[in-house]
Every structure is written in structure tokens, then in C-alpha cells.
Amino acid sequence: MRLITTDTIVCCMQDKPFVSLNWNELPMDEMKHRSKQLLGVMSSRRTTRHFSSRSVPKSLIEDAILCGGTAPSGAHLQPWTFVAISSQELKEKIRKAAEAEERKTYQNRMPDAWREVLLPLGTDAVKAHLTDAPWVVVLFRQSKRIRSNGEWGPTYYGNESCGIAAGMFIHAIHNMGLVTLSHTPSPMGFLREILNRPEHEHAMLVLPVGYPAENAEVPDLQRKTLDEIAIFIED
Ligand code: IYR
């Protein structure tokens, strides 16, 4: 006789079978070594605004996008579209539209409370990175998807999902020895139009990618300490 348990019912309700996690425990020494090693790699990342126009192979951008696409997402709907642009003509078009918005922001729309925190970063409405960098990757969040019955349905936690995907993309770019900038021209509705994306896709982030310009400089920033960013609650 075959017993049908709750587990069986739950398992049979999935329309895709489960597979083994395929996880292997690492020795504690190795775990500690890897955690410090990655901390070193990530601590050396800097957001860079000054790019060389030296070319970067498409395969590296493809790999970084695939790394971004490994992010966890709400209901595993993977609600992201990465548009990677190396066309100089298109980059110029994006720069022109971004600078038009940014001029309005810097001249009229930016309140003092915002302006004062940007001042030390030296940002302004000139967005040369959009035409200097060999690649500009625009990340779109999908707010809807087609259900299995053919109707439109929502995505879930799209901002969180795309934020994590962006982080993984940025890490991949740094790990391969290139630099990027998480740029947010605002408002960025013009990107949907220029890049011909559908109405349910919303531009979230513009990521120029490439080699840094020779003698590129970055602001002398400090990252918050562990005490400033974490609270541990222990037994
Ligand atoms: N989007 C503008 C302004 C800007 C805003 C923040 I918050 C920054 O950290 C940096 C810039 C721009 O890209 O210049």
C-alpha cells in the first residue's frame, strides 16, 4: 500500500520537479579564508565616473549580465531586462536626453538637502560617461508578465529583485577588472522610448561599463564601519 503524505501532495502540486541542492560543505578554515578574500575584493571597488573609450569584448558584458541574472527574484519571475548598448549613435542619443533632464534637475529641481550631499561627489549635468564608456547597460524592471493562461499578471518585489540583480552585475564587472557607475538620470522615462521597450518595462539604472580613464580620480570616501551598519542580537 502506498501512503500519500502531505509532502507527497505538496511535491505533486509543483509543476516542475525538484532537484538536489548540490551543496558541499567547505572546511571552516576555507570559509574564513574565502570570506576575507571576497571582503578585500569588494572593498577595493569604486564607482567610477571617468571612462576610457577603449573597447571591451561583448562576451564580458554577456557574462556580467548572466551574473546579474543569477539574482534571487520574487516568485522567480526574473523581472529584469538588461539592454546593452555599444552603438555610438545610440549612446549619444541617450547622453543628449539624459543631460537635458539632468540640467533641469541640477538647475531647478534639486532641493538644497540633496545638493549638499552631492557637492563632495563633484557630480553635475555633464554625462560624458554615457558616450566615453564602450558599453552602456540599461536595467529595466518589468512590472508585468504573461501568465500561463495568456493573460497579464503582476511581478512581485520587482524593485528588490532588480536591485539585487544590479548588485550582482556590479560585482561581476568589478571582479573581471572593469569599472562601472550606477547612474540614475532622473526622470528616466526617455530610456523606454529611445530603446523601444514596452510600457510595462521601467528603466531603473544606467550602468556605463569599461576601463577607467587614465588617471581617473574618485572622491576620497570612507565606508561606514561594521558598528555603524550592523546590530547583532545574540544569546
Ligand atoms: N542623477 C543625478 C544626480 C545624482 C544623484 C545621486 I542620489 C547621486 O549619488 C549622484 C548623482 C546624476 O546622475 O548626476
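Readers should treat all values here as calculations from the given coordinates under stated rules, not as data from a laboratory. Quantities reported herein were computed from a predicted structural model and do not represent experimental measurements. So basically every Cβ, Gly included, is an ideal-geometry build from the backbone, and we count neighbours across all protein chains shown.
Counting other Cβ atoms within 10 Å of each Cβ, which trypsin sites (Lys or Arg not before Pro) in the stretch 134-233 have at most 14 and sit in a DSSP loop?
Arg147, Arg223, Lys224
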So what's the angle, to the nearest 10 degrees on a 0 to 90 scale, between helix 88-104 and the longest Cα principal axis of the chain?
80
Heads up, the stretch 79-197 by the C-alpha gyration tensor (a ≥ b ≥ c square roots of eigenvalues; a/c under 1.5 rounded, else a/b over b/c prolate, else oblate) looks prolate
Please identify every one of the GluC sites (Glu not before Pro) in the stretch 136-235 that sits in a loop by DSSP and has no more than 10 other beta carbons within 10 Å of its own beta carbon.
Glu151, Glu199, Glu214, Glu234
What's the magnitude of the charge dipole for the chain around its Cα centre, counting Lys and Arg as +1 and Asp and Glu as -1 at the beta-carbon? Answer in Debye, nearest 20.
620
Once exposed loop chymotrypsin sites (Phe, Trp or Tyr not before Pro) are cut out (DSSP; at most 11 other Cβ, 10 Å), longest piece of the chain:
24-231
Label 7 Å along Cα→Cβ of Arg54; the stretch 194-209 residues with amide nitrogen under 19 Å?
208-209
Which distance in nm do the two modelled labels at Glu199 and Ala125 give, with both placed 7 Å along the Cα-to-Cβ direction?
3.1
From the residues Ile173, Leu207, Asn196, which one has its Cα farthest along the dipole of the stretch 47-213 in the positive direction, the dipole being from +1 and -1 charges on Cβ of Lys/Arg and Asp/Glu about the Cα centre?
Asn196
Pairwise label distance in nanometres, Asn215 with Asn108, each label 7 Å out on the Cα-Cβ vector:
3.8
